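Asks: What follows is a structure written as structure tokens; I'll ask about it next.
The values are calculated or read from the model by the stated rules, or taken from the named source; none is laboratory data. Everything numeric here is computed off the predicted structure, so don't read it as measured data. Cβ atoms come from the backbone with ideal geometry, glycine included; neighbour counts cover every protein chain shown. What goes into the accessible areas is simple: the full protein's heavy atoms, side chains included, and nothing from ligands, DNA or RNA. Shrake-Rupley method; radii C 1.70, N 1.55, O 1.52, S 1.80 Å.
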Protein chains: 2
Amino acid sequence: MVIRIGIVGVGKIARDQHIPVLDASPDFDLVTAASRHGRIEHGVTHTTIEEMLAAEDIDAVSLCQPPQVRFEAARVAIAAGKHVFLEKPPGATLTEVELLRDQAREKGVTLFASWHSRYAAGVETARAWLADKSLHSVHIEWKEDVRHWHPGQAWIWEAGGMGVFDPGINALSIATAILPGFFLTEGLLEIPANRASPIAADLHFTDAAGTPIRAEFDWRQTGPQTWDIKVETDAGTLLLSKGGSELRIDGVEQTLPPEAEYRGLYDRFAALIAAGESDVDVAPLRHVADAYLRAERRQVEAFED
Amino acid sequence: MVIRIGIVGVGKIARDQHIPVLDASPDFDLVTAASRHGRIEHGVTHTTIEEMLAAEDIDAVSLCQPPQVRFEAARVAIAAGKHVFLEKPPGATLTEVELLRDQAREKGVTLFASWHSRYAAGVETARAWLADKSLHSVHIEWKEDVRHWHPGQAWIWEAGGMGVFDPGINALSIATAILPGFFLTEGLLEIPANRASPIAADLHFTDAAGTPIRAEFDWRQTGPQTWDIKVETDAGTLLLSKGGSELRIDGVEQTLPPEAEYRGLYDRFAALIAAGESDVDVAPLRHVADAYLRAERRQVEAFED
């Protein structure tokens with residue numbers, strides 16, 4: 001049975017990813033939206049999610065807004081008995097995500113808190129290859145130019161906006177999918193003098209076996225951009241690069257399935273709805289909260305867009 | 001069957017609380033300890049937990065050290081097949097607590113991450129009274145003089161030392177036990193210019209019903225100390241004061257069972273061991289992490305002991 005779905009927030013990510021994938025999916029029928037400024041061609045675009053839920057006969061809602069307003073929308077949609085797909089990060093706090101999970105369980109609907117980077121082409125192959133290896137060390141480097149990727153986006157620098165963890169959480173979502181459980185032992189957050197959120201983070205983790213795991217996130221990288229996870233093992237070196245889309249083992253490029261992150265996410269959402277299950281993994285956001293809780297902070301040069 | 005137990009960390013809290021309670025408990029037999037500086041009279045005090053675990057025939061371990069070193073001790077004790085009692089907070093990060101929970105499940109031992117304030121005399125009576133009331137508002141005030149309670153304790157001000165959340169987490173452990181689920185919407189942390197951790201926090205929470213819940217933690221209070229939770233309801237005002245040990249409803253003092261926080265904790269630990277269960281509720285620590293993640297920070301006057 002086709003799932004009738006409405007999207008909330010018709011911005012860049014909705015137009016670039018959600019709408020084309022929903023148009024191509026056999027599982028979903030995109031019939032409506034709620035957005036203050038955007039519009040879709042598939043049906044009525046309402047001004048608010050409450051209007052959309054009152055007016056439309058839909059089974060599911062996909063939330064594509066910024067994280068600050070997502071919790072209330074999710075709460076309202078679950079209360080209306082809709083299945084909910086949440087973009088990463090699933091909330092501005094860990095506790096609100098726990099409450100949504102409880103609410104979805106009580107209402108008997110599916111809540112899917114998605115981590116799109118986990119559906120990058122190389123992630124599953126990397127996970128399967130690492131599963132029977134002994135790890136010697138892990139080095140995560142996620143270094144990009146914030147001026148290029150988030151020009152003038154003030155909210156990302158505000159308290160709760162997460163700063164460099166906005167991309168960094170993608171690295172953590174992959175690392176938590178392909179490595180055994182690990183936890184922060186120490187770290188350093190670099191905060192521009194005129195901002196509330198970090199522009200860089202240097203995090204040291206370990207796992208039960210004592211493997212050194214280091215993550216470096218930096219938003220000040222110009223020139224080539226780096227989104228790499230390198231794992232040294234007893235059976236060679238795995239390098240997952242370009243955000244999970246390329247995989248090399250001992251320098252040899254691996255053949256991967258075609259890139260289809262958002263298609264993978266919606267396939268998973270449809271499968272969860274069919275099975276009557278939820279998937280709410282807070283591990284990546286928990287690592288970010290742990291870093292805020294535990295790491296040292298250093299004030300660095302002011303950042304101007 | 002009496003549970004043979006060893007304690008790790010023979011400091012003030014062990015001497016004031018754990019040892020007298022274990023001496024009086026019919027469930028436990030305190031037979032050994034590990035401590036670098038302290039000593040017990042009940043048996044050999046070893047220098048390290050590893051030495052204690054290798055030398056002694058014990059069923060359970062109680063960890064009474066500062067949180068920074070507790071994770072490794074818990075991991076070693078669980079790996080040795082011992083039941084483990086952890087003082088609050090259960091870890092320096094949320095993720096390490098999750099990993100301990102997983103490890104205890106795999107080893108088939110009991111892990112009890114304790115919140116001693118939940119065993120204060122008035123907490124259970126407050127919870128039961130609130131259970132069928134509609135809440136109008138909640139005001140938590142936890143204000144004390146850090147110079148009196150933590151003189152010269154530098155570690156408490158370091159990154160990961162949690163500052164005013166060290167007492168504040170006690171308030172949160174009671175609030176999460178007596179109120180429906182709530183989450184942070186905004187907050188302010190005040191950080192002394194010469195310290196890494198907050199000296200005060202002003203936190204705004206709400207719940208699914210929209211109840212305003214405010215928590216004020218402050219370590220700069222001289223004169224009378226305040227550890228109050230006030231709940232306005234449709235059926236009157238509940239005031240839980242002195243850290244949960246006194247309870248008034250509409251100003252009328254309620255009769256409570258005698259104060260026995262640590263006895264309550266060890267009774268619970270024994271019951272969990274008998275039932276083959278664990279109790280690892282991270283909700284209070286998750287609220288602290290959420291505050292670090294989400295709240296604004298303001299630099300305030302330097303603090304000198």
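Asks: List every residue pair whose Cβ atoms sit under 6 Å apart, with the two residues 6 or more apart in sequence or on different chains, where the first one lies in the stretch B:142-154 and is among the aromatic types (Phe, Trp, Tyr) and the second, anywhere, is open to solvent by less than 50 Å² (accessible area, probe 1.4 Å).
Replies: Once the first residue is among the aromatic types (Phe, Trp, Tyr) and sits in the stretch B:142-154, its partners that are open to solvent by less than 50 Å² (accessible area, probe 1.4 Å) give B:Trp142/B:Pro167; B:Trp142/B:Gly168; B:Trp142/B:Ala171; B:Trp142/B:Phe217.
Asks: Can A:Glu216 be described as closer than 26 Å to A:Pro192 by Cβ, within 14 Å of another protein chain (Cβ to nearest Cβ) and open to solvent by 10 Å² or more (accessible area, probe 1.4 Å)?
Replies: No.
Asks: The conditions are (1) open to solvent by less than 40 Å² (accessible area, probe 1.4 Å); (2) within 12 Å of chain A (Cβ to nearest Cβ), and B:Ala60 fails exactly one of them. Which is it?
Replies: All conditions are met except number (2).
Asks: Look through the stretch A:278-296, keep the residues that are within 7 Å of another protein chain (Cβ to nearest Cβ) and of a type outside the set (A, V, I, L, M, F, W, C), and return whichever of them is surrounded by the fewest Cβ atoms within 10 Å (Cβ to Cβ).
Replies: Step by step, filter the stretch A:278-296, then rank; the result is A:Glu296.
Asks: Go through B:Leu188, B:Leu172 for me and flag whichever is over 19 Å from the mean Cα position of the chain (by Cα) and within 14 Å of chain A (Cβ to nearest Cβ).
Replies: Of the residues listed, the single one that is over 19 Å from the mean Cα position of the chain (by Cα) and within 14 Å of chain A (Cβ to nearest Cβ) is B:Leu188.
Asks: Among the residues of the stretch A:158-189, count how many are under 14 Å from A:Asp218 (Cα atoms) and out of contact with any Pro (no Cβ under 6 Å at 6 or more places or on another chain).
Replies: Qualifying residue count for the region: 9.
Asks: Which pairs turn up if I take residues in the stretch B:290-305 that are more than 15 Å from B:Ala196 (Cβ to Cβ) and look for partners that are of a type in the set (Ser, Thr, Tyr) with beta carbon separation below 8 Å, at least 6 apart in sequence or on another chain?
Replies: B:Asp290/A:Thr93; B:Asp290/A:Thr95; B:Leu293/A:Thr93; B:Leu293/A:Tyr292; B:Arg294/A:Thr93
Asks: For the stretch B:106-122, which residues satisfy the criterion of being open to solvent by less than 10 Å² (accessible area, probe 1.4 Å) and touching a strand residue (DSSP E or B) at 6+ places or on another chain (Cβ under 7 Å)?
Replies: Correct list: B:Thr110, B:Leu111, B:Phe112, B:Ala113, B:Ser114, B:Gly122.
Asks: Take the residues in the stretch B:19-55 that are part of a strand (DSSP E or B) and not hydroxyl-bearing (Ser, Thr, Tyr), then tell me which one is surrounded by the most Cβ atoms within 10 Å (Cβ to Cβ).
Replies: B:Ala33
Asks: Okay, next question. Of (1) crowded, with 17+ Cβ neighbours inside 10 Å; (2) under 22 Å from the mean Cα position of the chain (by Cα), B:Gln225 satisfies all except one. Which?
Replies: Against the list (1) crowded, with 17+ Cβ neighbours inside 10 Å; (2) under 22 Å from the mean Cα position of the chain (by Cα), B:Gln225 comes up short only on (1).
Asks: Being buried (at least 19 other Cβ atoms within 10 Å of the Cβ), under 30 Å from A:Leu285 (Cβ atoms) and among the β-branched types (Val, Ile, Thr), is that true of even one residue in the stretch B:5-18?
Replies: The initial filter retains those residues of the stretch B:5-18 that are buried (at least 19 other Cβ atoms within 10 Å of the Cβ), namely B:5-10, B:14, B:18.
When the remaining residues are screened for being under 30 Å from A:Leu285 (Cβ atoms), the result is none.
No, there is no match, as no residue in the stretch B:5-18 is buried (at least 19 other Cβ atoms within 10 Å of the Cβ), under 30 Å from A:Leu285 (Cβ atoms) and among the β-branched types (Val, Ile, Thr).
Residues checked against (1) buried (at least 19 other Cβ atoms within 10 Å of the Cβ); (2) among the hydrophobic types (A, V, I, L, M, F, W, C); (3) not in a helix (DSSP H, G or I):
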site	(1), (2), (3)
B:Gln65	yes, no, yes
B:Ala73	yes, yes, no
B:Val76	no, yes, no
B:Gly91	yes, no, yes
B:Leu100	yes, yes, no
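Asks: Tell me whether the stretch A:128-141 contains one or more residues that are touching a helix residue (DSSP H, G or I) at 6+ places or on another chain (Cβ under 8 Å), away from chain B (no Cβ under 14 Å), crowded, with 22+ Cβ neighbours inside 10 Å and under 23 Å from A:Asp250 (Cα atoms).
Replies: Going through the stretch A:128-141, the residues touching a helix residue (DSSP H, G or I) at 6+ places or on another chain (Cβ under 8 Å) turn out to be A:130, A:138, A:140.
Narrowing further to those that are away from chain B (no Cβ under 14 Å): A:130, A:138, A:140.
Subsequent filtering for residues that are crowded, with 22+ Cβ neighbours inside 10 Å retains A:138, A:140.
Remaining after also requiring under 23 Å from A:Asp250 (Cα atoms): A:138, A:140.
So far as the stretch A:128-141 goes, yes, one or more of its residues are touching a helix residue (DSSP H, G or I) at 6+ places or on another chain (Cβ under 8 Å), away from chain B (no Cβ under 14 Å), crowded, with 22+ Cβ neighbours inside 10 Å and under 23 Å from A:Asp250 (Cα atoms).
Asks: Residues of the stretch B:125-135 being without any contact (Cβ under 8 Å) to a residue 60 or more places away in the chain and within 23 Å of the chain's Cα centre (by Cα), which ones?
Replies: B:Arg127, B:Ala128, B:Ala131
Asks: Please specify each residue of the stretch A:152-203 satisfying the condition of being open to solvent by less than 10 Å² (accessible area, probe 1.4 Å) and in a loop (DSSP other than H, G, I, E, B).
Replies: A:Gly161, A:Gly163, A:Val164, A:Ser197, A:Pro198, A:Ile199 - these are the residues of the stretch A:152-203 that are open to solvent by less than 10 Å² (accessible area, probe 1.4 Å) and in a loop (DSSP other than H, G, I, E, B).
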